[in-house]
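Enquirer: Before we start, here is the structure in question, set down as structure tokens.
The values are calculated or read from the model by the stated rules, or taken from the named source; none is laboratory data. This one's a predicted model, so the numbers in the text were calculated from it and none came from an experiment. Counting neighbours? That spans all protein chains shown, and the Cβs are built from the backbone with ideal geometry, glycine included.
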Amino acid sequence: MKIFKFGGASVKDAAGVRNVYEVLQKVGFEEVLLVVSAMGKTTNALEEVIKHYFDKSPQLNAAVQEVKKYHNQILIDLFEEEGHEVFFEVNEHFADFEYFLRSNKSPNYSFVYDQIVSFGELISTTIVSHYMSYRGIQSQWLDVRNYVKTDNNYRDANVDWDKTQKAITKIAKKKQLFVTQGFLGSDENGFTTTLGREGSDYTAAIFAYCLNAESVTIWKDVPGVMNADPRYFENANLLNQISYREAIELAFYGASVIHPKTLQPLQRKEIPLFVKSFINPLLAGTSVSKGEDLEPKLPCFIVKKGQILLSLSSIDFSFIMEENISEIFALLHKFKLKVSLIQNSAISFSVCVEDKYANFSELVKILSKKFKVTYNENVALYTVRHFDDNAMKTIEKDKAVLVRQMSRETLQVVVKE
Ligand code: ADP
Ligand code: ASP
Ligand code: MG
């Protein structure tokens, strides 16, 4: 079995869905499991719905209609007859979605979030699966929530590998094309959970691991993994080969082309990961596998924007020692702030963090009781793997550097933008 993952950008409109069909025609679709994300920026649009829902805002209805309109347009573009079953099925999903909004009583933000955002993937896969059949490629739609089993840590659920393995084994012997949702799972009570934003790559890896798949291919709007994000760096070059270890490092530092959790399960079973262009599917792209660390060996640039540089110092000039540091980390963990850099001196301690869940001000309130707290919001963290003098100059040119850190292979700089 091969696992293919098509992300939001690849199915952002009707042309994108047609292109998925073209890609399958070109590269083959026997014994393939397609993992598909929500279309385009649907997850962001659903986050807007959630915001209006909790704010009890009058804009709620307009936000819901927006999501409906977007998908209906794609349906109309793809399917000529309006009587096609897909219209009915997509309407059913929207009916469930609106029913949830009317009837939900839970005040738990993360729970509600997962129940709502999941409709993006349920609808996109319904459309993609029907469209493949419409063009003559028969496929079976799977509700991923029956396969990927998790705990109830909504918005960032942890996979229960034993249960997931058991469930996925059931489809192992079937030789056909499957279409399923990325990003989603379900908890013990059957409620929908999600694996964290951009988590569909991880779903592909979960299936690959449990099915002992031959390979995973993630289809992207770029030629493969490059030595820098081409959105921010001119002259980015394609990397042909990356080892698992190097890819884990790149993803960890924020190369958003691969979700960081994706690589460990693949590395454990040495399943190769290909990152390829959905525009030119026959090109080789990047292979992440056992073997050379990086080919060609180039400095790799990673930028993470919207970070916060938080600095703590002791109020009475006492040292910041193990016990303070462990307390600070326990709080960072509790408030789900992801740490991307650490620096400390005798009486001060700085971390660069990402506030994914809007908890930062709460944390500052607590820390201020014990420490002198200062912070810079909206800073950028640049990481260069395999840096040289030239790479260092490029990064720091015309920027106000707040922190610089260097190890043998990695340079990190926090700058004011
Ligand atoms: P998906 O549609 O699968 O969600 P993403 O938008 O998450 O795709 O990932 C593709 C994007 O990742 C590219 O458009 C590119 O801007 C960005 N990207 C970041 N770092 C890299 C890199 N090192 N190489 C290639 N693309 C990168
Ligand atoms: N649709 C989800 C998101 O936008 C998951 C994914 O695309 O990987 O975060
Ligand atoms: Mg994505």
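Enquirer: Hey, can you tell me all the residues within the stretch 190-205 that are assigned to a loop (DSSP other than H, G, I, E, B), on the phi < 0 side of the Ramachandran plot and among the small types (Gly, Ala, Ser)? Give the steps one after another, and end with the answer.
Expert: Looking only at the stretch 190-205, we keep the residues that are assigned to a loop (DSSP other than H, G, I, E, B), and these are 190-191, 195-199.
Now restrict to residues that are on the phi < 0 side of the Ramachandran plot: 191, 195, 197, 199.
The answer is Gly199, and nothing else.
Enquirer: Would you point out the residue of the stretch 175-187, among those that are outside any strand (DSSP E or B) and in contact with a strand residue (DSSP E or B) (Cβ under 8 Å, 6 or more places away or on another chain), that is surrounded by the fewest Cβ atoms within 10 Å (Cβ to Cβ)? Write out each step before concluding.
Expert: Applying the first criterion (outside any strand (DSSP E or B)) to the stretch 175-187 yields 175-177, 182-183, 187.
Add one more test, that the residue is in contact with a strand residue (DSSP E or B) (Cβ under 8 Å, 6 or more places away or on another chain), and what stays is 176-177, 182-183, 187.
Numbers: Gln176: 13, Leu177: 20, Gly182: 30, Phe183: 28, Asp187: 19.
Per the stated criteria, the residue is Gln176.
Enquirer: How many residues are among the hydroxyl-bearing types (Ser, Thr, Tyr), under 13 Å from Lys305 (Cβ atoms) and surrounded by fewer than 16 Cβ atoms within 10 Å (Cβ to Cβ) when one looks only at the stretch 379-416?
Expert: In the first step, residues of the stretch 379-416 are kept if they are among the hydroxyl-bearing types (Ser, Thr, Tyr); the result is 382-383, 394, 407, 410.
Narrowing further to those that are under 13 Å from Lys305 (Cβ atoms): 382-383.
Narrowing the set further to residues that are surrounded by fewer than 16 Cβ atoms within 10 Å (Cβ to Cβ) leaves none.
Qualifying residue count, the stretch 379-416: 0.
Enquirer: Please indicate, with yes or no, whether at least one residue in the stretch 56-63 is under 22 Å from Asp201 (Cβ atoms) and at pLDDT 95 or above. Full working, then the answer.
Expert: At the first step, the residues of the stretch 56-63 found to be under 22 Å from Asp201 (Cβ atoms) are none.
Scanning the stretch 56-63, I find no residue that is under 22 Å from Asp201 (Cβ atoms) and at pLDDT 95 or above, so the answer is no.
Enquirer: Name every residue in the stretch 81-127 that is part of a helix (DSSP H, G or I) and of a type in the set (Lys, Arg), in order of residue number.
Expert: Filtering the stretch 81-127 down to residues part of a helix (DSSP H, G or I) leaves 85-103, 109-127.
Listed by number, the list holds a single entry, Arg102.
Enquirer: Can you report the number of residues in the stretch 309-334 which are closer than 21 Å to Ala251 by Cβ and among the hydrophobic types (A, V, I, L, M, F, W, C)?
Expert: Final tally of qualifying residues: 1.
Enquirer: So, in the stretch 239-249, how many residues would count as being part of a loop (DSSP other than H, G, I, E, B) and in contact (Cβ under 8 Å) with a residue 60 or more places away in the chain? Before you say what the answer is, go through the steps one by one.
Expert: First pass over the stretch 239-249, keeping only residues part of a loop (DSSP other than H, G, I, E, B): 239-240, 243.
Going one step further and asking which of them are in contact (Cβ under 8 Å) with a residue 60 or more places away in the chain, we end up with 239.
So the answer is 1.
Enquirer: Which of the residues belonging to the stretch 42-79 are hydroxyl-bearing (Ser, Thr, Tyr) and within 16 Å of ligand 3 (Cβ to nearest atom)? Steps first, answer last, please.
Expert: Keep residues of the stretch 42-79 that are hydroxyl-bearing (Ser, Thr, Tyr), which gives 42-43, 53, 57, 70.
Correct list: Thr42, Thr43.
Enquirer: Turning to a different aspect of this structure: Every residue in the stretch 105-133 that is aromatic (Phe, Trp, Tyr), over 14 Å from Phe191 (Cα atoms) and within 13 Å of ligand 2 (Cβ to nearest atom), please.
Expert: Passing the criteria: none in range.
Listed here are the residues, each with its yes/no results for (1) surrounded by 19 or more Cβ atoms within 10 Å (Cβ to Cβ); (2) of a type in the set (Phe, Trp, Tyr); (3) part of a strand (DSSP E or B); (4) touching a strand residue (DSSP E or B) at 6+ places or on another chain (Cβ under 7 Å).
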{"residue": "Ile3", "(1), (2), (3), (4)": "yes, no, yes, yes"}
{"residue": "Arg18", "(1), (2), (3), (4)": "no, no, no, no"}
{"residue": "Val23", "(1), (2), (3), (4)": "yes, no, no, yes"}
{"residue": "Phe29", "(1), (2), (3), (4)": "yes, yes, no, no"}
{"residue": "Met39", "(1), (2), (3), (4)": "yes, no, no, no"}
{"residue": "Leu46", "(1), (2), (3), (4)": "yes, no, no, no"}
{"residue": "His52", "(1), (2), (3), (4)": "no, no, no, no"}
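Enquirer: On to the next question. Using beta carbons and a limit of 6 Å, which pairs, at least six apart or on different chains, have the first residue in the stretch 365-384 and in contact (Cβ under 8 Å) with a residue 60 or more places away in the chain and the second one among the aliphatic types (A, V, I, L, M) and in a loop (DSSP other than H, G, I, E, B)?
Expert: Listed by first residue and then by second, the contacts come to Lys372/Ile315.
Enquirer: Taking the stretch 212-234, which residues are acidic (Asp, Glu), within 15 Å of ligand 3 (Cβ to nearest atom) and out of contact with any helix residue (DSSP H, G or I) (no Cβ under 6 Å at 6 or more places or on another chain)?
Expert: Step one: list which residues in the stretch 212-234 are acidic (Asp, Glu), which gives 214, 221, 229, 234.
Then drop every residue that is not within 15 Å of ligand 3 (Cβ to nearest atom), which leaves 221, 229.
Answer for the stretch 212-234, where residues must be acidic (Asp, Glu), within 15 Å of ligand 3 (Cβ to nearest atom) and out of contact with any helix residue (DSSP H, G or I) (no Cβ under 6 Å at 6 or more places or on another chain): just Asp229.
Enquirer: Report, by residue number, each residue of the stretch 358-405 that is among the polar types (S, T, N, Q), in a helix (DSSP H, G or I) and within 20 Å of Phe329 (Cα to Cα). Quick ask: steps written out before the conclusion?
Expert: Taking the stretch 358-405 and keeping what is among the polar types (S, T, N, Q), we get 359, 361, 368, 374, 376, 378, 383, 390, 394, 405.
Those still in the list that are in a helix (DSSP H, G or I) too: 361, 368, 390, 394.
Once the filter is applied, which keeps residues that are among the polar types (S, T, N, Q), in a helix (DSSP H, G or I) and within 20 Å of Phe329 (Cα to Cα), the stretch 358-405 yields Ser361, Ser368.
Enquirer: Hey, another quick one. Can Phe252 be described as aromatic (Phe, Trp, Tyr), over 17 Å from Pro296 (Cβ atoms) and assigned to a helix (DSSP H, G or I)? Spell out the reasoning first.
Expert: Working: aromatic (Phe, Trp, Tyr): yes; over 17 Å from Pro296 (Cβ atoms): yes; assigned to a helix (DSSP H, G or I): yes.
Spelling it out, Phe252 is indeed aromatic (Phe, Trp, Tyr), over 17 Å from Pro296 (Cβ atoms) and assigned to a helix (DSSP H, G or I).
Enquirer: From the residues in the stretch 193-238 that are over 28 Å from Lys336 (Cβ atoms), in contact (Cβ under 8 Å) with a residue 60 or more places away in the chain and within 16 Å of ligand 2 (Cβ to nearest atom), which one is surrounded by the most Cβ atoms within 10 Å (Cβ to Cβ)?
Expert: Looking at residues that are over 28 Å from Lys336 (Cβ atoms), in contact (Cβ under 8 Å) with a residue 60 or more places away in the chain and within 16 Å of ligand 2 (Cβ to nearest atom), I get Trp219.
Enquirer: Since Asp77 meets every condition but one in (1) surrounded by fewer than 14 Cβ atoms within 10 Å (Cβ to Cβ); (2) acidic (Asp, Glu); (3) closer than 14 Å to Gly120 by Cα, which condition does it not meet?
Expert: The failed condition is (3).
Enquirer: Filter the stretch 38-57 down to the residues that are more than 16 Å from ligand 2 (Cβ to nearest atom) and in contact with a helix residue (DSSP H, G or I) (Cβ under 8 Å, 6 or more places away or on another chain) and list them by number. Explain how you work it out, then say what you get.
Expert: First pass over the stretch 38-57, keeping only residues more than 16 Å from ligand 2 (Cβ to nearest atom): 52-57.
Hits for the stretch 38-57 are His52, Tyr53, Phe54, Ser57.
Enquirer: Scan the stretch 141-178 for residues that are over 19 Å from the mean Cα position of the chain (by Cα) and hydrophobic (A, V, I, L, M, F, W, C) and report the count.
Expert: 9
Enquirer: Could you give me the residue pairs with C-beta distances under 9 Å whose first residue belongs to the stretch 25-50 and is closer than 16 Å to Ser133 by Cα, whose second residue is acidic (Asp, Glu) and surrounded by fewer than 19 Cβ atoms within 10 Å (Cβ to Cβ) wherever it lies, and which are 6+ apart or on separate chains?
Expert: From the stretch 25-50, the pairs are Glu31/Glu214.
Enquirer: Just one of (1) touching an Asp or Glu at 6+ places or on another chain (Cβ under 9 Å); (2) among the aliphatic types (A, V, I, L, M); (3) not in a helix (DSSP H, G or I) trips up Ala208, so point out which.
Expert: Condition (3) is where Ala208 drops out.
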